[in-house]
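Inspection log for the structure reproduced underneath, given as structure tokens.
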Amino acid sequence: MKNKSRVTDFDKQVGINIHALREVAFLTQEQIAAHLGVTFQQIQKYERGVNRLPLKSAQELAYLFKVPITALLPDDTASSHNKWDSLKALSTDRDFRKLVAIWERIDDPAVKHILIKLLRQALHLLHPLPAPPKR
């Protein structure tokens, strides 16, 4: 008899996508956990693909990350195409190209770390986290 609760490669890829989206959004596991009403350890398990993500949590994460829920799913032709379109759009943005050129000239990892922290703080000031849904 097959165990229905067994975690699959699909679940692992969902976890990888959650981790990537969290990193892009400059959010901690604790912040995500507070939004979902779970522990940060549960977020770790989702990201490692050890536990399956409930559909309601997937919906709340998509809202939090400001992405369609399909962005959490493993890559398929449609999502890969959308990611490519996003990359193409960035590559044509003059300010983004300037930022990349400046970034490439910075040799000191400590300076890069400080700049990332500064950008995260600015992002959170400009776009605070939405309030967690009422339970």
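Taking first residues from region 5-20 that are modelled with pLDDT under 90 and partners that are of a type in the set (Phe, Trp, Tyr) and in a helix (DSSP H, G or I), no Cβ contact under 6 Å between residues at least 6 apart in sequence or on separate chains turns up. Go through region 51-76 and report how many residues are surrounded by 15 or more Cβ atoms within 10 Å (Cβ to Cβ) and of a type in the set (Phe, Trp, Tyr). Qualifying residue count, region 51-76: 1.
Figure legend. Inter-residue proximity from region 92-120: first residues free of Cβ contacts under 8 Å to residues at least 40 places away in the same chain, second residues of a type in the set (A, V, I, L, M), beta-carbon distance below 6 Å, spacing 6+ or different chains. Indicated pairs: 96/90; 112/106.
Residue count for region 25-53 under the criterion of being in contact (Cβ under 8 Å) with a residue 40 or more places away in the chain and not basic (Lys, Arg): the result is 12. Do you know which residues across region 22-50 are assigned to a loop (DSSP other than H, G, I, E, B) and surrounded by fewer than 18 Cβ atoms within 10 Å (Cβ to Cβ)? Residues satisfying the conditions are 26, 28, 37, 38, 39, 50.
The values are calculated or read from the model by the stated rules, or taken from the named source; none is laboratory data. Computed from a predicted model, the values in this text were never measured in an experiment. All Cβ positions, even for glycine, are placed from backbone atoms using ideal geometry, and neighbour counts span all protein chains on display.
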